[in-house]
1. Take segment 70-82 and flag every residue that is crowded, with 24+ Cβ neighbours inside 10 Å and hydrophobic (A, V, I, L, M, F, W, C).
2. Identify, please: which residue in segment 120-140 is within 14 Å of G75 (Cβ to Cβ) and in contact with a Phe, Trp or Tyr (Cβ under 6 Å, 6 or more places away or on another chain) and is, among those, surrounded by the fewest Cβ atoms within 10 Å (Cβ to Cβ)?
3. Looking at segment 144-171, which of the residues that are of a type in the set (S, T, N, Q) and part of a helix (DSSP H, G or I) is nearest to S244 (Cα to Cα)?
4. Y257 - would you say it is out of contact with any strand residue (DSSP E or B) (no Cβ under 7 Å at 6 or more places or on another chain), among the aromatic types (F, W, Y) and more than 15 Å from L56 (Cα to Cα)?
5. Identify, from the list V262, V283, the residue that is of a type outside the set (G, A, S), over 16 Å from E15 (Cα atoms) and either buried (at least 20 other Cβ atoms within 10 Å of the Cβ) or modelled with pLDDT under 85 (or both).
6. Got a sec? Which of S244, S255 is in contact (Cβ under 8 Å) with a residue 24 or more places away in the chain, buried (at least 24 other Cβ atoms within 10 Å of the Cβ), farther than 24 Å from A19 by Cβ and hydroxyl-bearing (S, T, Y)?
Amino acid sequence: MSGSRTETRLIETPEFRLAIIAVAIFALMAGLSPERFLSPQNLTSMAFQFPEFAILALAMTITMMTGGIDLSVVGVSNLSAVVAATILASLAGPEVAGAQAGLWLGFAVVASLAVGAAAGLFNGILVSRLGLPPILATLGSGLVYTGLAVAMTGGSAIMGFPEIVAVIGNSRIAFVPVPLVIFALLALGLHILLTRTGFGLRVTMYGANPMAALFAAVDIDRILLRVYVIAGMFSSVAGLIVMSRANSAKADYGSSYLLLAVLIAVLGGVNPYGGYGRVVGVVLAVLSMQFLSSGLNMLQVSNFARELIWGLLLLFVMVINVTNWAGLRLRRAPPRTGTQGEKA
């Protein structure tokens, strides 16, 4: 009996359904165009493409776990990349090589992560200390970060980096693309953080029931500050990958990634009301979206039809997930005894 109950619970999870969807999409696209979709070139191209927006989806995931959202991820990503690019182009230049180029790259990476952390801290202060709604706070701050990037660049792209910069976004480690390795490490780290640490437990507790977390003496302000700092640093990593792949940095790169990040987080089963989310679900949603996008490109499907398919997929999964969340709330609701109607 216990085995059957475990299997039933597994089948009911959003992650199981997403795994079925990912496998089904992969099989469908492979069946429609096997010689192109299953080619080593296409598989390698997909491995290089999706980590940059998948990392932004991880940043979106941890903020949505608290019942909030971070609409500034693209702005933080571009501002961090612009700061790193300015250091590499102005202080190093394309003629620098060897150990010196590696030192400048390390300094640029640290500066980029510091910008991401500072931007995330600012978002956290707006949400936790000033009490602004996350959707409005991060929407406004995202515009500020984009404006700062435009002011630094004048609206043009920054180019002229040492060759070693290409290692981040265009090289491989034992035939595995470096961006994929970075994404895997960040996904694993976030999974451990949310499921194996006290911080992750407090994030889940606060997202599920903020009032209960408050009465449980959880330092809510500190939790939110750390959540948004982590999201900011994840965004800066995505910005570094985009900068390396494009060999340039600009204030408006990845403008469509914000929608993708939200879409992937929701498809991944993250509860938009907070309190539930699994990194494995986000990873499966990323794979589903990449398989679908790559297959539709090979089939030469128009952008309008592609957006229609994505929208239908989003609505389909959201309907299933919202139904589950509603059922979960009903099961958790305490019995209504002693009401006025019953007393009467």
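The values are calculated or read from the model by the stated rules, or taken from the named source; none is laboratory data. For clarity, every value in this text was computed on a predicted model and none was experimentally measured. Cβ placement follows ideal geometry from the backbone for every residue including glycine, while neighbour counts extend to all protein chains displayed.
1. V73, V74, V76, L79, A81, V82 - these are the residues of segment 70-82 that are crowded, with 24+ Cβ neighbours inside 10 Å and hydrophobic (A, V, I, L, M, F, W, C).
2. If we take residues in segment 120-140 being within 14 Å of G75 (Cβ to Cβ) and in contact with a Phe, Trp or Tyr (Cβ under 6 Å, 6 or more places away or on another chain), then G120 is surrounded by the fewest Cβ atoms within 10 Å (Cβ to Cβ).
3. N170
4. no
5. Exactly one of V262, V283 is of a type outside the set (G, A, S), over 16 Å from E15 (Cα atoms) and either buried (at least 20 other Cβ atoms within 10 Å of the Cβ) or modelled with pLDDT under 85 (or both), namely V262.
6. S244
Okay, residues lined up against (1) among the charged types (D, E, K, R); (2) farther than 19 Å from M289 by Cβ; (3) in contact with a Cys (Cβ under 7 Å, 6 or more places away or on another chain); (4) modelled with pLDDT under 90:
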residue: S4; (1), (2), (3), (4): no, yes, no, yes
residue: E7; (1), (2), (3), (4): yes, yes, no, yes
residue: T13; (1), (2), (3), (4): no, yes, no, yes
residue: A22; (1), (2), (3), (4): no, no, no, yes
residue: L38; (1), (2), (3), (4): no, no, no, yes
residue: L43; (1), (2), (3), (4): no, no, no, yes
residue: A54; (1), (2), (3), (4): no, no, no, no
residue: T66; (1), (2), (3), (4): no, yes, no, no
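This table checks each residue for (1) of a type outside the set (F, W, Y); (2) surrounded by 14 or more Cβ atoms within 10 Å (Cβ to Cβ); (3) farther than 25 Å from Q100 by Cβ.
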residue: A149; (1), (2), (3): yes, yes, yes
residue: G154; (1), (2), (3): yes, no, yes
residue: I164; (1), (2), (3): yes, yes, no
residue: A174; (1), (2), (3): yes, no, yes
residue: H191; (1), (2), (3): yes, yes, yes
residue: L194; (1), (2), (3): yes, yes, yes
residue: A208; (1), (2), (3): yes, yes, yes
